[in-house]
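S.K.: Just passing along the structure, written as structure tokens.
The values are calculated or read from the model by the stated rules, or taken from the named source; none is laboratory data. Note that the structure is predicted; figures quoted are calculated from it, not measured. Here Cβ is always computed from backbone atoms with ideal geometry, including for glycine, and neighbour counts include all displayed protein chains.
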Amino acid sequence: MPLGIDLGTTNSSVAWSDEGGTVHSLSVRSGKEPFDAVIGSVVLDPLSSSAVVGRSAFIEAETRDAPLLYSFKPRLDKQRLRETVRRVEYVDTQEYDFAQDTNRARRIVHTEQRLYDPYSRDEVVAAAGHLFRRLLTSQEVDPDPTAVAPAAASEGRGVLSRFLRRSREPATRGPDMVTPEYRSDEDDILYVGVPVAFASTARKRLLAALARSGCFGPVPSCYPTILRRCRLIYEPVALASTLPITEPETVLIVDFGGGTLDLALIDIEVDQRGRTVRERALHGMAQAGDALDAAFMQGMLAKHPDLSQAYDRFARDAFATAAARNMFIDAKVALSSETVTRLPIPGAERDVTRDEFERHVSRSMDETAVRVGDCLARGGCATADVGRVVLTGGSSLIPAFQARIRALFPQLDETRFEAERAGDPASERRALTGVSRGLAAFGFLERFEATTPCAYSIQFDKQPSPTICLPRGAADVDHVEDALPVRVRLSTKEPTAAALYGDRDVLQRSSGISEHAPVQEI
């Protein structure tokens, strides 16, 4: 039984597939969530045992002086976060030590706070861990008949219990939280979505967050179980598993969420054995809905001095700043289905129109169109060659974004340009939960991801350039013994270091390498 988790920047969701391959959403209600299958990606005081998860964290933050983490998902991939550095110094005391025949030294420890970011690595990883735990321990079936088939209602309550396999052993206290003991079930796999822009740093932190969730046993002995039972899958590629396509087609998937823009240009091939997906290009950027929020807020504050003054008076602390930011976010969401809405900044309330919003975010919208063009160029594809475009993610509901992408593909009719509609709860649900549902369906398609999405290479110390081990487009393999061997000859007998890369920029340089290339020697 595959489960899919979309750990989003703004909202997160979980879905599962039954034994017949039908995908269902699970409810994760928590106070003021707008949809049963969505939970706000907000965590209050993640390093304490009394952490609060979801939109209710904003309410409790008003009375608790504790870190409130929101929009922290992109920080999973950030190299430098807030950290405390200790430096030890030994000072000569000018006192002679007759036993050691030298002057005595006094040890001084210097502590330095490096504020590269408002959040630390421990806070970011712990917050993601709390979200994983909140999603994986939800026991409610979504009652919406449009989201869950009626046949699933009787068995849904035990779905996550089955995945976690809680034993009857008493709970043990781990280093971070109370950690129950669990038994593994090899048939149940968890698929976690990752943005295309995420590198190895984010993947390591996601694995650490799964460990911190406490759902796989105590740290660090839980890591073998996590590596065996969890898979990290590119979010737009997973979404392709839900497309009802019965004939060969080139598809562009555009996942425009809160923190990242993820693009996947794929060829879907259909034969007697089923469907095969071949990734032609993956692309994206670490900016999306959050960047629109910032541009909208900054534009409004710059244009209206009275609004800027009222904002400065209101945003007097971290909680008030977050609350003021949410007012602009709520206005942005409302303007996706309305032409005018109220911006309720105390002391400077005003109406704001959709046209105003679109003017302030126009530059960011232009950047998304540029990235789509770059993705097509990377895959050697013209806009006329694309047979279908699929938009997903919360920010994809913005009419201006849909119009900008729609203008790039005038040849597509409404049935081949798939975009959800703001203001329709069922349609909005599909946009917000599409990735998790795609991840849940991913495990049932054995031949779905048949080729490698990027070029993998290895480089040793003193080696002038990396050696490509697996070029993009090579057939995917499940066992090391089935992989094409690559031999690297080193010219020195000294110890050397090696690094493994999954570099999508290498794709353009390796396009001439055959899938059956001979062994390379350097």
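S.K.: Which one is modelled with the highest pLDDT among residues in region 96-146 that are polar (S, T, N, Q) and surrounded by 14 or more Cβ atoms within 10 Å (Cβ to Cβ)?
M.R.: Ranking the qualifying residues of region 96-146, first place goes to SER120.
S.K.: Looking at the structure I just gave you, is GLY174 crowded, with 22+ Cβ neighbours inside 10 Å, modelled with pLDDT under 90 and not hydrophobic (A, V, I, L, M, F, W, C)?
M.R.: When the stated conditions are applied, GLY174 does not pass them.
S.K.: Say whether the condition of being out of contact with any Leu (no Cβ under 8 Å at 6 or more places or on another chain), in contact (Cβ under 8 Å) with a residue 60 or more places away in the chain and assigned to a strand (DSSP E or B) is met by at least one residue in region 243-251.
M.R.: Within region 243-251 (the criterion being out of contact with any Leu (no Cβ under 8 Å at 6 or more places or on another chain), in contact (Cβ under 8 Å) with a residue 60 or more places away in the chain and assigned to a strand (DSSP E or B)), the answer is yes, since at least one residue qualifies.
S.K.: If you take the residues of region 315-337 that are in contact (Cβ under 8 Å) with a residue 12 or more places away in the chain and polar (S, T, N, Q), which of them is farthest from ALA66 (Cα to Cα)?
M.R.: The selected residue is SER337.
S.K.: Would you be able to tell me the number of residues in region 315-350 that are aliphatic (A, V, I, L, M) and assigned to a loop (DSSP other than H, G, I, E, B)?
M.R.: Selection size over region 315-350: 4.
S.K.: Still on this structure, I have one more. Checking GLY373 against (1) touching a helix residue (DSSP H, G or I) at 6+ places or on another chain (Cβ under 6 Å); (2) more than 16 Å from PRO236 (Cβ to Cβ), which test does it fail?
M.R.: Condition not satisfied by GLY373: (1).
S.K.: ASP330 is checked against (1) among the charged types (D, E, K, R); (2) more than 29 Å from VAL38 (Cα to Cα); (3) in contact with a strand residue (DSSP E or B) (Cβ under 9 Å, 6 or more places away or on another chain) and fails just one. What number does that condition carry?
M.R.: Just one mismatch for ASP330, condition (2).
S.K.: Which members of region 45-101 meet the condition of being small (Gly, Ala, Ser) and part of a loop (DSSP other than H, G, I, E, B)?
M.R.: Matches in region 45-101: SER48, SER49, SER50, ALA51, GLY54, ALA66, SER71, ALA99.
S.K.: Under the condition of being closer than 12 Å to PRO399 by Cβ and either touching a helix residue (DSSP H, G or I) at 6+ places or on another chain (Cβ under 7 Å) or among the β-branched types (Val, Ile, Thr) (or both), which residue from region 353-369 is surrounded by the most Cβ atoms within 10 Å (Cβ to Cβ)?
M.R.: Among residues in region 353-369 that are closer than 12 Å to PRO399 by Cβ and either touching a helix residue (DSSP H, G or I) at 6+ places or on another chain (Cβ under 7 Å) or among the β-branched types (Val, Ile, Thr) (or both), the one surrounded by the most Cβ atoms within 10 Å (Cβ to Cβ) is PHE357.
S.K.: Something else about it: Of everything in region 398-434 that's among the β-branched types (Val, Ile, Thr) and within 25 Å of the chain's Cα centre (by Cα), which residue is nearest to TRP16 (Cα to Cα)?
M.R.: Going through the qualifying residues, I end up with THR433.
S.K.: Only residues that are among the acidic types (Asp, Glu) and more than 24 Å from the chain's Cα centre (by Cα): list them for region 323-345, please.
M.R.: Within region 323-345, just GLU338 meets the criteria.
S.K.: If you go through region 265-273 one residue at a time, do you hit one that is touching a strand residue (DSSP E or B) at 6+ places or on another chain (Cβ under 8 Å) and surrounded by 21 or more Cβ atoms within 10 Å (Cβ to Cβ)?
M.R.: yes
S.K.: Give the residues of region 102-120 that are in a loop (DSSP other than H, G, I, E, B) and of a type in the set (Ser, Thr, Tyr), sorted by residue number.
M.R.: Residues satisfying the conditions are TYR116, TYR119.
S.K.: Does ALA211 count as in a loop (DSSP other than H, G, I, E, B), crowded, with 17+ Cβ neighbours inside 10 Å, of a type in the set (A, V, I, L, M) and in contact (Cβ under 8 Å) with a residue 24 or more places away in the chain?
M.R.: no
S.K.: Going by the structure shown, is ARG350 crowded, with 19+ Cβ neighbours inside 10 Å, of a type outside the set (A, V, I, L, M, F, W, C) and not assigned by TED's automatic domain parsing to the domain that holds GLU60?
M.R.: Here the answer is no, as ARG350 does not meet what is asked.
S.K.: Out of (1) free of Cβ contacts under 8 Å to residues at least 24 places away in the same chain; (2) among the charged types (D, E, K, R); (3) in a helix (DSSP H, G or I); (4) closer than 29 Å to ALA426 by Cα, the odd one out for ASP312 is which?
M.R.: With (1) free of Cβ contacts under 8 Å to residues at least 24 places away in the same chain; (2) among the charged types (D, E, K, R); (3) in a helix (DSSP H, G or I); (4) closer than 29 Å to ALA426 by Cα applied to ASP312, the lone miss is (4).
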